[in-house]
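Structure first, commentary second.
The values are calculated or read from the model by the stated rules, or taken from the named source; none is laboratory data. Source: prediction; values computed, not measured. Here Cβ is always computed from backbone atoms with ideal geometry, including for glycine, and neighbour counts include all displayed protein chains. For accessibility, only protein heavy atoms count, side chains too; no ligands or nucleic acids. Shrake-Rupley method; radii C 1.70, N 1.55, O 1.52, S 1.80 Å.
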Amino acid sequence: MRPGTPIFALLALGASLGAQTPAPRGAAPAADPAPAQSRFDEPWDVAPEGSSLARRLKHVPLLRDDRAWVTLGLSARLRASDTRGFLFSSAPAMSDGFVEWRMSPSADAWLGRRDALHLRVFAEWRDAQALGRALPGGARPSDADRTDWQNLFAELGHGRYGLRFGRQDVALGRERLVGLSDWANARRSFEGVRALASRGRVQISAFDGRVVEVRIRDANRADATSHLRFVSASRLGASPIAAKWRLAGWQAYLIDDESQSGAVERLTTGARLWGDRRGESIEWGGEVEAASQTGSTGARSLRAWFAVAEGSATWYRRRWTPSLSVGVDVGSGTGPDSATQSGTFAPPYATAHAFNGIADVFGRGNLLEQRLGFGARPRPALQFSLVARHFSRVRTEDGVYSKANAVLRPASGISARAVGDEVDFTGRWNVNPRLRVEGGGALVDAGEFIRATGNAAPIRWMFLSTSLVF
C-alpha cells in the first residue's frame with residue numbers, strides 16, 4: 001500500500017495529533033485522560049497544558065468562570081480483513097477480503113461542575129462503511145450503517161449521582177453479557193434511561209431501555225420488540241485476602257431482557273470476582289464469573305447457566321515481560337427434555353469478539369472452551385499474544401451455536417463432543433497515546449462433531465487495522 005492511501009493518511013494524522021507540546025522548563029507535564037472506549041468516560045474538566053490545537057479542543061470554555069465548556073473529539077478506524085473457508089466451506093464464494101471504515105466525531109457540553117449540580121449533553125455521530133464484502137449476507141447491519149447517532153443523551157447529575165436520558169453506550173463489567181461490541185463496525189447502542197450512583201468505592205448502575213436497531217439505509221431506531229433492564233453493584237479497589245492476595249474488585253448483577261421474536265423472557269443473575277498478587281518477580285491474576293438464567297423461550301421453560309475461571313502469571317522483571325494465561329469458559333446446553341425445557345445459555349447482548357475465539361465462529365451456548373495463552377511485550381508500546389483454544393459440546397443432545405445465539409450446527413443425533421480447535425495470534429503497536437496499529441489472525445480446525453455434520457474445511461482469517469482517537 002503506497003503513501004497517500006487512507007491507512008497512511010490516518011497514521012500521519014495520528015502521529016501529528018499525538019505529538020506532545022513541551023511543558024515549561026522545570027514543570028512536570030500534566031497527564032491527559034486516557035482515550036476511553038466510550039468517549040464520554042474521559043474527564044476533561046480541566047483544560048490540558050500545551051498550546052496545540054488538538055489539546056485546546058479538549059476543553060473549550062464557554063463562560064468566563066469556566067463553569068461551562070465543551071470537549072470536541074474524533075475517533076476513526078480503518079480495518080482490512082481476509083477470510084478463507086467461511087463457515088467451514090471450501091466453496092470459492094466463502095472466501096473474501098474486504099475493508100471497513102468507521103469515523104465518529106463527538107462533542108461533550110457541560111454546564112456546571114462534575115462534583116456539583118450539572119447538566120451535560122453528549123453527542124457522537126457515526127459513519128460506518130464496509131467496502132467489498134461479498135460473503136453470505138453482504139454488508140450486514142454490524143458491518144455498515146449510514147451516518148447516524150452512536151450516542152445522543154442528556155445527563156443531569158450532582159457529584160456522585162446522575163441520570164442519563166437518550167441513546168447511549170451501555171456496558172456491564174467485562175461485557176460477557178451486555179456490551180458495546182466495539183469490534184463490529186457499526187457497534188451496538190441502546191436508548192433508554194440509566195441511573196448511576198457511587199458511595200466510596202461502591203458503584204451502582206441501573207438501566208431501562210431498548211437496543212438500537214441498525215437500518216443501513218434508514219434512520220436507526222429503538223427496537224420495539226426488545227426490552228432490557230438491569231441493575232448492578234460493584235466495588236473497585238484492593239482489599240487484602242489470604243496469602244498476600246488481594247481482592248481487586250467484585251460485581252453482582254441482575255439482567256432482565258425480553259424479545260417478542262420467539263417470545264423470549266430471560267432473567268440472568270450473576271457475579272464476578274477478580275484479584276491479584278504481586279511477588280518479587282511474578283504478578284499473578286485471577287478472575288471468576290458465573291450466572292444463572294431462568295424464564296421462558298416460546299412454550300418451553302428456561303434453566304441455564306455459564307461459568308468462567310481465568311488465571312495469569314506475568315514475569316514483569318524478565319526481558320520482553322513474558323506472560324502465561326489459562327482459562328475455562330462453559331455455557332450450559334439443552335438436555336433430553338428439550339420439548340419442555342431449554343437449558344442453552346444465551347448472552348443477551350454480549351461483546352462477542354472478545355470471547356470464545358477471535359475468528360467469531362462459536363458462541364457460548366452448549367460450549368466448553370479450554371484455552372492456554374502466551375504473551376510478550378518487547379517494548380512498552382508493543383505487545384503480542386498467542387492463544388490456543390479447544391472447543392467441545394457440553395450436552396450431546398444439543399448442537400453448536402453462533403455468537404448471535406443462532407444454531408450453527410444442530411445435534412443431528414451425533415454423539416461426538418469435539419467441536420474444533422482455534423489458534424489466535426494478535427499484535428498491537430501503540431504508536432502514541434492517540435494512534436494504534438493492530439494485526440493478527442486465526443486458524444480454526446473442525447472437530448469430530450463438525451466433520452460429522454457437514455462442511456469441515458479449515459477457517460483462516462487475518463486482519464490489519466489502524467485506529468486514531470483524539
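Details
- Residue, nearest to the chain's Cα centre (by Cα), within region 201-257, restricted to residues that are basic (K, R) and within 21 Å of W149 (Cβ to Cβ): R210
- Which listed residue, of G192, G166, G179, is of a type outside the set (D, E), within 12 Å of the chain's Cα centre (by Cα) and open to solvent by less than 40 Å² (accessible area, probe 1.4 Å): G179
- Strands (runs of 3 or more DSSP E) wholly inside region 281-333 containing at least 1 residues that are hydroxyl-bearing (S, T, Y) and modelled with pLDDT under 95: 282-297
- Count - residues of region 422-453 that are open to solvent by 40 Å² or more (accessible area, probe 1.4 Å), modelled with pLDDT of 95 or more and either over 30 Å from S467 (Cβ atoms) or not in a strand (DSSP E or B) (or both): 4
- Test: G413 is without any contact (Cβ under 8 Å) to a residue 60 or more places away in the chain, part of a loop (DSSP other than H, G, I, E, B) and either acidic (D, E) or over 30 Å from A54 (Cα atoms) (or both): yes
- Any hit, region 63-77, residues being closer than 24 Å to G166 by Cα and of a type in the set (V, I, T): yes
- G270 vs. criteria in contact (Cβ under 8 Å) with a residue 24 or more places away in the chain and closer than 19 Å to N405 by Cβ: yes
- A search for C-beta distances below 9 Å between a residue of region 220-232 that is closer than 15 Å to R266 by Cβ and without any contact (Cβ under 8 Å) to a residue 24 or more places away in the chain and any residue that is among the β-branched types (V, I, T) and not in a loop (DSSP other than H, G, I, E, B), counting only pairs 6+ apart in sequence or on different chains, returns nothing.
- Selected residue (only one of R364, R395, R389 is touching an Asp or Glu at 6+ places or on another chain (Cβ under 9 Å), buried (at least 17 other Cβ atoms within 10 Å of the Cβ) and in a loop (DSSP other than H, G, I, E, B)): R364
Conditions tested, residue by residue: (1) buried (at least 16 other Cβ atoms within 10 Å of the Cβ); (2) assigned to a strand (DSSP E or B); (3) at pLDDT 75 or above.
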residue: P3; (1), (2), (3): no, no, no
residue: I7; (1), (2), (3): yes, no, no
residue: A15; (1), (2), (3): no, no, no
residue: V46; (1), (2), (3): no, no, yes
residue: L72; (1), (2), (3): yes, yes, yes
residue: M103; (1), (2), (3): yes, yes, yes
